[in-house]
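What follows is one structure encoded as structure tokens, with my remarks underneath.
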Amino acid sequence: MEVTADKNFTVNAPVDKVWGLLSDPSRVVVCVQGAQLTEIVDDNNFKGKISVKIGPVTSKFNGEGRFEKLDAQNKEMVLQGAGKDTGGKGSASMTMTVNLKEVDGATEVTSSIKLSITGKLAQFGSRMIVAVNDKLIEQFVAKFREVAEGDGETAAAPATAAPVTAAPVATP
């Protein structure tokens with residue numbers, strides 16, 4: 001199952017500060033609920049975990065991320081991520097494109113996310129997956145703004161992060 005999401009938001013911080021945060025997995029991971037960074041392989045590759053709960057099912061994924069494009073001059077990035085359910089019941093992959101633009105001292109973030117899920121979570125259907133994805137993005141944006149608009153310091157990610165959750169969506 002595949003879903004896409006195009007999201008735009010503004011951060012009241014200079015574009016260079018926002019870029020620095022977004023392009024550093026060790027700093028941005030604290031903004032992703034349920035996620036943990038487990039290893040930075042090199043400047044473009046890293047490994048991590050995420051826990052996602054949809055309805056009664058919680059899935060934990062171990063995965064790898066890679067910056068396919070990291071253009072600091074033009075403030076453009078493409079991030080690829082893929083992971084397998086630790087229970088062996090599925091996998092997920094993601095491609096996220098991000099562009100930053102300075103607007104009156106703030107930063108306009110334009111992103112496009114393509115998410116593909118197989119296995120147990122895919123059984124919930126695209127409507128539920130979209131709802132969880134939207135919730136995850138909403139939580140990320142709120143935390144990201146808090147961190148980016150703050151003093152620039154981010155705390156280390158907690159050792160055990162709470163999973164992203166969403167209640168079942170009623171179907172008509």
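Values in this text are rule-based calculations from the coordinates and carry no lab data. It should be emphasised that the depicted structure is a prediction, and the values quoted were computed from it without experimental measurement. FYI the Cβ positions are ideal-geometry reconstructions off the backbone, even for glycines, and counts take in every protein chain you see.
Report the Cα-based extents of the stretch 1-159 along its three principal axes, largest first, to the nearest Å.
So the three principal-axis extents are 45, 31, 26 Å.
Can you give me the angle between helix 125-148 and the longest principal axis of the chain, using Cα atoms only, in degrees from 0 to 90, rounded to the nearest 10?
So the helix axis and the longest Cα principal axis differ by about 30 degrees.
What number comes out for the charge environment of ALA92, summing +1 per Lys or Arg and -1 per Asp or Glu over other residues with Cβ under 13 Å away? Write out the running numbers ahead of the final one.
Numbers: positive: LYS49, LYS60, LYS84, LYS89, LYS114, LYS120; negative: GLU2, GLU64, ASP85.
Net local charge, ALA92 excluded: +3.
Once the other residues with Cβ under 9 Å from the Cβ of LYS75 are scored (Lys, Arg +1; Asp, Glu -1), what is the net sum?
Numbers: positive: LYS101; negative: ASP16, ASP71, GLU76, GLU102.
Every neighbour counted, the sum reads -3.
Taking K and R as +1 and D and E as -1, what net charge do the other residues with C-beta under 12 Å from the C-beta of LEU136 add up to?
Every neighbour counted, the sum reads +2.
When only C-alpha pairs under 8 Å and at least 6 residues apart count, what is the relative contact order of the chain, in percent? Don't skip to the answer; put the middle values down first.
Working: 360 pairs, mean separation 55.1, N = 172.
Relative contact order, the chain: 32 percent.
If each DSSP helix of 4+ residues adds -39,500 (n - 2.57) and the sum is divided by the residues in the chain, what number results at 222 nm, nearest 500 deg cm²/dmol?
Working: 3 runs with 36 residues, N = 172.
Helix contribution divided over all residues of the chain: -6500 deg cm²/dmol.
Give me the dipole magnitude in Debye, nearest 20, for the stretch 79-154 about the Cα centre, with unit charges on the beta carbon: positive for Lys and Arg, negative for Asp and Glu. Before the final figure, lay out each step's value.
Numbers: 9 positive and 10 negative charges, 153 e Å.
Result for the stretch 79-154 is approximately 740 debye, rounded to the nearest 20.
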